[in-house]
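A.B. asks: Please find one structure pasted underneath; my questions will follow.
The values are calculated or read from the model by the stated rules, or taken from the named source; none is laboratory data. None of the values given here were measured: they were computed from a predicted structure. For neighbour counting, all protein chains shown are included, and Cβ atoms are generated from backbone atoms with ideal geometry for every residue, glycine included. Side chains are part of the model used for accessible areas, which takes the heavy atoms of the whole protein and leaves out ligands, DNA and RNA. Shrake-Rupley method; radii C 1.70, N 1.55, O 1.52, S 1.80 Å.
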Amino acid sequence: MRAAWYERGGPAGEVLTVGEMDAPRPAPGEVLVRVRASGVNPGEVKKRADWMGLDIGSPRVIPHSDGAGVIEGVGEGVPPSRVGQRVWVWGAQSGRPFGTAAQYTAVPRARAVPLPDGVGFKVGACLGIPARTAHRCVFADGPVSGETVLVAGGAGMVGGFAVSFARWGGAEVIATVSSEGHAEAAMGAGADHALNYRAEDVVARVREIAGGSGVGRVVEVAFGRNLALDAEVIALHGTIAAYASDAEPVPRLPFWPLLFKNITIRLVGSDDLPEEAERRAVEDIAACLEAGALHPRIARRLPLERIAEAHEVVEGSQSGARVGPPRSSSLASGSASQAPRLRTRSILRSSP
């Protein structure tokens with residue numbers, strides 16, 4: 001199969017290689033997926049760049065946990081009826097060396113989830129990390145019906161999904177954004193209010209919208225930088241669910257203001273969610289897709305051979321952003337004889 005890989009950490013243009021290698025075979029309990037689209041997430045470019053100085057964990061790594069395609073084979077214990085099923089894939093390169101930046105990937109059967117009719121591979125490739133993370137941030141502490149939810153970075157990929165899930169769950173949704181264009185994106189995702197933190201007094205506006213009591217939930221992309229603001233607008237017994245803190249990786253905590261409100265701080269990573277949380281996320285993602293409630297924004301589509309460019313697009317989207325992660329890129333594939341290509345959230349995809 002055609003695949004992209006790296007054998008050491010470093011800059012995308014220096015370490016990513018595209019070539020031929022043996023296709024995987026599904027082990028017991030696994031399915032073999034012919035990848036049609038591969039999503040590129042910020043965490044994956046960080047791993048490739050050796051962000052935390054960790055060993056890459058394998059002599060060779062095919063990156064990307066998220067993707068979408070068609071099941072072409074099954075391992076022992078998996079019903080043959082799954083062959084031919086259109087699926088979205090999550091966790092392909094989570095604790096495993098070989099992800100979705102290839103023509104084929106083999107994953108545990110639970111990590112290949114049926115795509116509803118009418119939902120394309122490019123959307124499926126954008127679901128795994130951002131949608132599951134957003135779902136956990138919104139619903140980990142119970143239903144949000146009747147709540148007011150503040151989503152920092154509501155135009156970002158996780159932020160946009162969080163806005164959509166909170167709206168679907170019956171909440172009034174406030175999103176913070178950095179521009180008029182981002183405000184339109186957040187409103188398109190379902191936000192009731194989009195506040196430009198560069199131009200507005202966010203604390204005053206949130207208090208005005210929430211009626212003085214504050215917001216019950218905060219979904220936070222810039223935990224360290226926004227903690228002081230969050231402490232002012234969070235309601236008594238509220239929850240701050242944070243999934244990133246790039247600008248201030250060692251945050252200073254306003255302990256007493258948070259303690260006096262009996263605040264819960266929840267840190268959310270997508271790799272090791274509780275089993276019940278995974279089940280609920282998959283079910284709710286399916287329901288939202290069926291209802292047309294999820295609309296991930298894809299910035300670019302690129303061929304697998306341009307995977308380094310896709311990684312650089314995602315890295316460039318992260319630089320200079322105060323609140324909100326980038327849109328994703330993706331790589332997608334065409335016929336079985338062709339290599340996958342990229343779209344930017346980024347996605348990789350092949351020519352028809």
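A.B. asks: Show me, bin by bin at 5 Å from 0, the whole-percent P(r) of region 133-193 based on Cα pairs.
C.D. replies: The percentages, shortest bin first, are 4, 25, 35, 22, 10, 3, 0.
A.B. asks: Something else: Counting only the heavy atoms of the protein chains, how much of ASP246 is accessible to a 1.4 Å probe, in Å² to the nearest 10?
C.D. replies: In the full protein context, ASP246 sits at about 80 Å².
A.B. asks: Something else: At most 16 other Cβ atoms within 10 Å and a DSSP loop assignment: could you name the trypsin sites (Lys or Arg not before Pro) in region 213-295 that fit? Mind dumping the intermediate values first?
C.D. replies: Details: sites: ARG217, ARG225, ARG252, LYS261, ARG266, ARG279, ARG280; in loops: ARG252, LYS261.
Counting only loop positions with at most 16 other Cβ atoms within 10 Å, the trypsin sites (Lys or Arg not before Pro) in region 213-295 are ARG252, LYS261.
A.B. asks: Can you divide the C-alpha Rg of the chain by 2.2 N^0.38 Å and report the result to two decimal places? Walk me through the intermediate numbers first.
C.D. replies: Working: Rg = 19.9 Å, N = 352, 2.2 N^0.38 = 20.4 Å.
That works out to 0.97 for the chain.
A.B. asks: Please report the relative contact order for region 18-90, taking Cα pairs under 8 Å with a sequence separation of at least 6, and give it as a percent rounded to a whole number.
C.D. replies: Details: 104 pairs, mean separation 28.9, N = 73.
With pairs under 8 Å counted, the relative contact order is 40 percent.
A.B. asks: DSSP loop chymotrypsin sites (Phe, Trp or Tyr not before Pro) in region 48-124 with at most 14 other Cβ atoms within 10 Å of their Cβ, which ones?
C.D. replies: Values: sites: TRP51, TRP88, TRP90, PHE98, TYR104, PHE121; in loops: TRP51, TRP90.
In loop regions of region 48-124 (DSSP not H, G, I, E or B), the sparsely surrounded chymotrypsin sites (Phe, Trp or Tyr not before Pro) are TRP51.
A.B. asks: What number, rounded to the nearest 500 deg cm²/dmol, is the helix-based mean residue ellipticity at 222 nm of the chain, given -39500 (n - 2.57) per DSSP H run of at least four residues and division by all its residues? List each step's numbers first, then the result.
C.D. replies: Values: 11 runs with 104 residues, N = 352.
Roughly -8500 deg cm²/dmol at 222 nm, from the helical runs in the chain.
A.B. asks: With a probe of 1.4 Å, find how much accessible area the chain has per residue, and write the answer as a whole number in Å². Before the final figure, lay out the partial values.
C.D. replies: Numbers: 14470 Å² over 352 residues.
Result: 41 Å² of accessible area for each residue.
A.B. asks: Taking the Cα centre as origin and putting +1 on Lys and Arg beta-carbons and -1 on Asp and Glu beta-carbons, what dipole magnitude results for region 1-129, to the nearest 20 debye?
C.D. replies: Details: 15 positive and 12 negative charges, 46 e Å.
Once rounded to the nearest 20, the dipole reads 220 debye.
A.B. asks: Roughly how tilted is helix 128-139, in degrees to the nearest 10 and between 0 and 90, from the longest Cα axis of the chain?
C.D. replies: With both axes taken from Cα atoms, the answer is about 30 degrees.
A.B. asks: With an 8 Å cut-off on Cα pairs and a minimum separation of 6 or more residues, tell me the relative contact order of the chain in percent.
C.D. replies: After rounding, I find 20 percent.
A.B. asks: Let me ask something additional. Could you tell me which residue out of PRO130, ALA186, ALA162 lies farthest along the dipole of region 114-194 toward its positive end? Charges go on the beta carbon: Lys and Arg +1, Asp and Glu -1, centred on the Cα centre.
C.D. replies: Of the listed residues, the answer is PRO130.
A.B. asks: Over all distinct Cα pairs, what is the inverse of the mean 1/r for region 41-86, reported as the Kirkwood hydrodynamic radius in Å? Present the calculation step by step, with values, prior to reporting the outcome.
C.D. replies: Numbers: mean 1/r = 0.0746 Å⁻¹.
Result for region 41-86, one decimal place: 13.4 Å.
A.B. asks: Of the candidates GLY212, GLY69, GLY120, which one comes out as most mobile in a Gaussian network treatment of the chain with C-alpha springs shorter than 10 Å?
C.D. replies: With Cα springs under 10 Å in the chain, the top fluctuation among GLY212, GLY69, GLY120 is at GLY212.
A.B. asks: Which part of region 115-158 falls in the paramagnetic zone of ALA277, meaning amide N under 14 Å from the point 7 Å along Cα-to-beta-carbon?
C.D. replies: 129-142
A.B. asks: Using modelled amide H (1.01 Å from N, peptide plane; none on Pro or chain starts), what sits under 5 Å from the amide H of ARG217, excluding residues fewer than 5 places away?
C.D. replies: Amide H neighbours of ARG217, under 5 Å, 5+ apart: THR148, LEU150, THR239.
A.B. asks: Which of the peptides 171-177, 226-232, 16-22 is most tightly packed, and how do the rest follow, judged by the mean count of other Cβ atoms within 10 Å per residue?
C.D. replies: On the way: 171-177: 28.0, 226-232: 20.4, 16-22: 14.0.
Packing order, densest peptide first, comes out as 171-177, 226-232, 16-22.
A.B. asks: Could you look at the chain and say what percent of its accessible area is carbon and sulfur, using a 1.4 Å probe and all protein chains? Intermediate results must be reported in sequence, preceding the final value.
C.D. replies: Numbers: 7300 of 14470 Å².
Roughly 50 percent, rounded to a whole number.
A.B. asks: Turning to a different aspect of this structure: Which value, in debye to the nearest 20, describes the size of the charge dipole of the chain about its Cα centre when Lys and Arg Cβ atoms bear +1, Asp and Glu Cβ atoms bear -1, and nothing else is charged?
C.D. replies: Values: 38 positive and 38 negative charges, 134 e Å.
Here the size comes out at about 640 debye.
A.B. asks: In µm²/s, what is D for region 145-303 at 20 °C and 1.002 mPa s, where D = kT/(6 pi eta Rh) by Stokes-Einstein and Rh is the Kirkwood radius from Cα pairs? Could you put the intermediate results ahead of the total?
C.D. replies: Working: Rh = 16.1 Å.
Rounded, D is 133 µm²/s.
A.B. asks: If each Cα of region 223-308 is one equal point scatterer, what is log10 of I(q)/I(0) from the Debye formula at q = 0.17, 0.20, 0.24 Å⁻¹?
C.D. replies: Debye intensities relative to I(0), on a log10 scale: -0.97, -1.04, -1.09.
A.B. asks: Just to be sure I understand: of the beta bridges DSSP finds with both ends in the chain, what percent are antiparallel, rounded to 5?
C.D. replies: Details: 36 of 63 bridges.
So the antiparallel bridges amount to about 55 percent of the total.
A.B. asks: Given ALA12, GLY224, SER317, which one lies farthest toward the positive end of the charge dipole of the chain, if we put +1 on the Cβ of every Lys and Arg and -1 on the Cβ of every Asp and Glu?
C.D. replies: ALA12
A.B. asks: Can I ask one more? Provide the solvent-accessible area of GLU72, counting protein heavy atoms only and rolling a 1.4 Å probe, rounded to the nearest 10 Å².
C.D. replies: Number for this one is 90 Å².
A.B. asks: Size of region 45-181 along its principal axes in angstrom, Cα-based, largest extent first?
C.D. replies: 46, 41, 30
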